[in-house]
Structures are given as structure tokens and as C-alpha cells.
Amino acid sequence: MTVLVTGGAGYIGSHFVKYLVEKDFKVIVLDNLSRGYKQAVHQKAVFVNADLLDYSSLSKVFINHKPEAVVHFAAFAYVGESVEKPDLYYQNNVVGSYNLIKACAENGIKKFVFSSTCSIYGNPTKVPISEEQQSNPINPYANTKLIIEMMLKDFDTSFGMKSVALRYFNAAGADLNGEIGESHNPETHLIPLVLDTALGKREKVYVFGDDYNTPDGTCIRDYIHVNDLALAHSQAINYLNDGNDSTVINLGTGSGNSVLEIIKKSERITGKKINYEITGRRAGDPAVLVADNKKAKELLNWYPVHTIEEIIESAWKWSINPKY
Ligand code: UDP
């Protein structure tokens, strides 16, 4: 099967591409390298440097490679940046996705897997969070993702394009081969920042608030290994190949760790002292975000296997020797 992967040079996309080529899929990666890395793209994938905003280049990819399914990772994903530059986010995420979805409709693609996010729930009214919970995004980034989910629903109704929107909780960790990993510029995610502090690249980690209503007062998140996410995307393709209906599915482990727990576990795993300082809350951070992942288990037969320790160990291996 030939699969077009947008954003295949990015963090989660590159892990999925590696997974697919190892399963003997034919993989076409479309990425403009604005935030991804060519080195992250597996050698066996066909790489096309193109922008989703450039419709004629996009159309050529469909004509030249005839994909049977599309997995769409390409997006900007910084909440803070989306507040400062909503125009950039609506253009890149919404217009880019619109072009891609339109090209899919024009080329008869009926299978579409989409990278969505748990941030579309906003401040959850109930934890663990199930897909039934009302979406209530509180920033432009999450708004763009929800709009794309709605677009997919409408393209299903009118054109029969079936899709699975996967709402990730906190993607983390790295492939164990040490060749690909998480590299954001700037880095804002907790685990890479904690590990850079262990390495002495940073003086300390700022803990954003210790006055939340959680056992140690710091925020709890559901960290999910990037290779478990990769597996879920492949199961989502199987789900669509089996002729199932469009759906949205949470991807998380179902349990969470606090910021202080991540720091303590990282100290144990790295054997290094990690300096931290408690500072004020970060705007828009809910106290607890943990997935109810029953639907993923039932519909995708997806069971995440990597523990939080394996997440930190694999991220540590990458942090010591990042390739890009
Ligand atoms: N966090 C923190 N210090 C940092 C970065 C993150 O205390 O330098 C906290 C953040 O408030 C959240 C958790 O760590 O509770 C995970 O944040 P991250 O940015 O990794 O992911 P998010 O949950 O925002 O998607």
C-alpha cells in the first residue's frame, strides 16, 4: 500500500514513517522542512519538499505517486505562538489542510488519518477525558485542529472520505535506534528541557506552578511514547481498510505523571541532579490531562506498551547524542 505522509520530517511523523517502511509500505513524505529535518526522514521513504499552501505541487504528488491513504501530521503546534500569530496558524494549519483534503477529494482518496490534539477539550470537565466530552478549545492552535476535524466530517458526508482524527495527549520519548528523536526550536516541552538540564545545557527547569489541585501541586499529564503513537496510526489505516466509519479517538496511556514526578524519575534514570525552580503558572494549563483510551483499545485494538521510564530513557539516549 502507498501512503502519503505530510510532516514526515517532523517529530511524530518521522517515527511513523520509520514504522511504515519497516512494515514494507511504500511511503511518500511531503514536508516543507520549515520545522522538520531531512535527516529525520527514513532513507526508504520517497521525500518531496513541497508546501501544502502550493496547490499545484500538491496535486502533482497525487498524480505522480497515487497514494491510497493520507496521514496528515504537518502543522504548526506551539500554543503560545498561535496566540501571538493566529494568522500564521489559520493559514498554515487550516488553509494547508483544506488544500490537502481538497486534493484528496479530487483524487478519490477515501482514507485519511489526522493528527489532532487533546487540547481541543480545553479545560476538561471530567478526567479521564473521553471522546464524548464536549470540545472547548481555548487557544488558536486548538481551534485550528478542531476546524480541520469538522472539515473532515463534512468531506465524509458529501464525498464519502473516511477519516480517523487521533487526539494525542503528551507525545514524548524517541526511537531506540538513536537516529531520530525530538528536536524543536525553541524547545518548550517538559521532558527534553528536564534532560537538557541534566546534561548541563540549561541551568534549571522552571516548574510552572505548584498550587494546582493535584497531590504534589504540579500539573499532571499523560505522556505517551512516540512509537506507541506511530503504531496507533498504522492501526487507524487498518481500521479504514476494513471499511469502518469516520471517527475521533484519544491516544494516551490512561495514567499521568506530575511535573515533579518527571523531574525525580529523570534524576534516577540519568543519575544527575536536576535543578528546578517553582515559578508561576503558565497561562492555559489545566491541572490534569489524562486520556480515557477505551475507544482506541476497542476500535483500533491499540494498547500502548511503553512505560514512563522507557519514555525518559529513550529521550535521554537521544538528548545525549541528538542527530539534528
Ligand atoms: N512544564 C513546566 N516547565 C516547563 C515546560 C512545561 O513546568 O519548562 C509543565 C507544563 O506546565 C505542563 C507539563 O509540564 O503541565 C507539560 O508541558 P509540555 O509543554 O511538555 O506539554 P503540554 O502539556 O503543554 O502539551
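At a glance:
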| read-out | value |
| --- | --- |
| Scaled radius of gyration (Cα, divided by 2.2 N^0.38 Å) that the range 62-210 gives | 1.21 |
| Shape metrics for the chain, restricted to C-alpha atoms - Rg then Dmax, Å | 19.0, 57 |
| Label-point separation, Gln43 to Asn244 (7 Å along Cα→Cβ), nm | 3.5 |
| 3J(HN,Hα) from dihedral phi, the range 159-167, Karplus parametrisation 6.51/-1.76/1.60, rounded to Hz, x for glycine, proline | 10, x, 7, 8, 9, 10, 9, 9, 9 |
| Nearest-ten-degree value, helix 259-270 long axis tilted from longest Cα axis of the chain | 80 |
| For the range 1-61, the fraction of alpha-carbon pairs in successive 5 Å shells from zero, as % | 4, 22, 34, 22, 14, 4, 0 |
| Segments 82-90, 272-280 sorted - mean Cβ within 10 Å per residue, highest first | 82-90, 272-280 |
| DSSP bridge pairs, the chain: antiparallel proportion in percent, nearest 5 | 5 |
| Mean Cβ neighbour count within 10 Å, used as a protection proxy, ranking 111-120, 168-177 highest first | 111-120, 168-177 |
| Helix axis angle, 55-65 relative to the chain longest principal axis, alpha carbon, degrees | 80 |
| Computed P(r) (all Cα pairs; the range 175-324; 5 Å bins; percent) | 2, 9, 16, 19, 18, 15, 11, 6, 3, 1, 0 |
| As computed over the range 237-324, the Cα convex hull volume per residue (Å³) | 168 |
| 11 Å reach of a label modelled at Glu277, 7 Å along Cα-to-Cβ, counting backbone N of the range 168-209 | 203-207 |
| Degrees between helix 11-22 axis and first principal axis of the chain (Cα, 0 to 90, nearest 10) | 60 |
| Tyr168 long-range amide H proximity, modeled H, under 5 Å | Ser116, Thr117, Cys118, Leu251 |
| Greater than 32 Å apart at Cα, pairs in Lys26/Lys201; Lys60/Lys201; Lys126/Lys162; Lys111/Lys297; Lys18/Lys273; Lys23/Lys126 | Lys26/Lys201; Lys60/Lys201; Lys18/Lys273; Lys23/Lys126 |
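Read-outs: derived from the displayed coordinates by stated rules, not from any lab. Being a predicted model, the structure only gives us computed values, none of them experimental. Glycine gets a Cβ as well: all are built from the backbone with ideal geometry, and neighbour counts include every protein chain shown.
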